[in-house]
Every structure is written in C-alpha cells, then in structure tokens.
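The values are calculated or read from the model by the stated rules, or taken from the named source; none is laboratory data. This is a predicted model, so every value here is computed, not measured. As a convention, Cβ positions derive from the backbone with ideal geometry for all residues, glycine included, and neighbour counts pool all protein chains shown. When the accessible area is computed, the model is the full protein with side chains, heavy atoms only, and any ligands, DNA or RNA have been set aside. Shrake-Rupley method; radii C 1.70, N 1.55, O 1.52, S 1.80 Å.
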Amino acid sequence: NSVDFKKEIDKKFNINSKLIYNPLNKSEIKRKSNSKLKLNFYKNAKIKAINIARFTDQKDHMTLLKSISNVIKKKIKIKILILGYGPNKNMMVNFIRKNKLSKNIKILNFQKNPYKFLKNSNLFILSSFYEGLPNVLLEAISLKKFIISSNCPTGPREILKNGEFGMLFKPGDEKDLTSKIVEFNKKTKKYNQTTSKAYESLKRFDFNKSCKKYLSVVNEFI
C-alpha cells in the first residue's frame, strides 16, 4: 500500500508485488466531520493538536507526550487531544499526572467518529515508529489539517512528499518533534497554506481508482 513497503516486500520475498493505495473516501470523512460536537477543551489554545492511534509501543505516544511537555515549558499555547485505546494508556495517564499536564493534554477512549474531533483541530501529529500507509494522515489531509509526522517506514514520507505537504521528524526524537511544533507555532499561517496543496495530492488515493486496481488483480485469477 506504499512504494517503500512494496520495495521491502519485493526484496524480502523476491517477488514483484502490486502497489495499490488504500481507498480514501473523502466525502464520507467530510460528512462525518460535520456531526455536532461540544468541545471546550481547545479554548484559548493557539495550537489545537490531535493524535488518533492505538495506545501501543508502535505508536510511540511517550515521545509525543514528552515533546508536548517541552513545548508547554516554552510558554506556547498548545492543547492536544489523544484518541484511542490500548495497553499503554495507564503509562500515558501517569506521565500526564506526574508532569501536571492535564490542562493541556486530554485522552479520550476510542471514538466511532473521530472526524468531528479532527475537524476542530489545526494540527495532526503522528509519532509512530513504523506504519504501512497511515490512513489517519490521509484523513487529516482530507479535512485540510497540517501534519507533523515521524519519518518512519513506511508511508508518511510518501504521503507528505518528503516534507512538502507537512513536517517530518526523526522517529523517537522528542527534541526534533519539539522543534517542529515550535516552528509551526511561529509560522502557523504560512504552514496552513500548504494544506490546500496537500489536499490536491489526494488524487493519488482516489477511492474508485484504488478499487478498480483491486478488481483488476482479482480478475487475473478468475
């Protein structure tokens, strides 16, 4: 589901696999994002960040939390919603309590409709150690949100066109992520202008185009 992933698969198994992007239903995402939501959490925040991911080691929430703590110490007005579920939740909650970050960081359990929360943000942060093709980045771009993502294998670099459509930081590097958030804070308007270009790039992930490719592969065996 990504160029880099295809390269890894082909090399490991000595095959020539088919590249088919995950089908992206932009209209469905937009429709769901318009659902009513009473959310006062972001009040008085300049950076309204969000992360949507399972609470597992792969998603590396600790680097995210440490970076947010660093940004807050710099007197930057940031708040972040973290949506998901998983075994690392207690560790995350304990870090937030220990560092007195509850006014700036809010954890919500898994949401059937995360898009209404995503719509109310202005920055999406992905901190994973590895991915395949992270759908959540495509969903964030569908709602024209700026992205800061780890430059992990595989997918983010491809989606963000090597940083043209968002910022990339070294996986597991809290200082690098902190600097990227600080940079976004300094030039929020400038970076938000890139979201339109990123949105146009979603043509690569057209729902019908990807479905036709799947059908084509299936037809080879019928």
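Checked against the criteria, Leu24 counts as aliphatic (A, V, I, L, M), buried (at least 19 other Cβ atoms within 10 Å of the Cβ) and out of contact with any strand residue (DSSP E or B) (no Cβ under 6 Å at 6 or more places or on another chain).
Within region 89-112, residues that are assigned to a helix (DSSP H, G or I) reach partners that are surrounded by 16 or more Cβ atoms within 10 Å (Cβ to Cβ) with beta carbons closer than 6 Å, at six or more positions or on different chains, in the pairs Lys89/Phe55; Met92/His61; Phe95/Leu65; Ile96/Ile105. In the set Ile105, Ile29, Ile76, Ile72, only one residue is within 29 Å of Glu183 (Cα to Cα), of a type in the set (A, V, I, L, M) and touching a strand residue (DSSP E or B) at 6+ places or on another chain (Cβ under 6 Å); that residue is Ile105. Of the candidates Ile181, Ile148, the single residue that is buried (at least 17 other Cβ atoms within 10 Å of the Cβ), modelled with pLDDT of 95 or more and in contact with a Gly (Cβ under 7 Å, 6 or more places away or on another chain) is Ile148. Could you please give the count of residues in region 153-182 that are in contact with a strand residue (DSSP E or B) (Cβ under 7 Å, 6 or more places away or on another chain) and of a type in the set (Asp, Glu)? Final tally of qualifying residues: 1.
The residue pairs whose first member lies in region 153-170 and is more than 12 Å from Ser128 (Cβ to Cβ) and touching a residue at least 60 places away in the same chain (Cβ under 8 Å), whose second member is among the polar types (S, T, N, Q) and open to solvent by 30 Å² or more (accessible area, probe 1.4 Å), and whose beta carbons are closer than 8 Å, counting only pairs six or more residues apart or on different chains, are Arg157/Asn151.
Just so you know, in region 13-48 the residues that are of a type in the set (Ser, Thr, Tyr) and more than 13 Å from Leu143 (Cβ to Cβ) include one that is farthest from the chain's Cα centre (by Cα), and it is Ser17.
Against the list (1) open to solvent by 10 Å² or more (accessible area, probe 1.4 Å); (2) farther than 19 Å from Phe184 by Cα; (3) touching a strand residue (DSSP E or B) at 6+ places or on another chain (Cβ under 8 Å); (4) assigned to a loop (DSSP other than H, G, I, E, B), the condition Tyr85 fails is (3).
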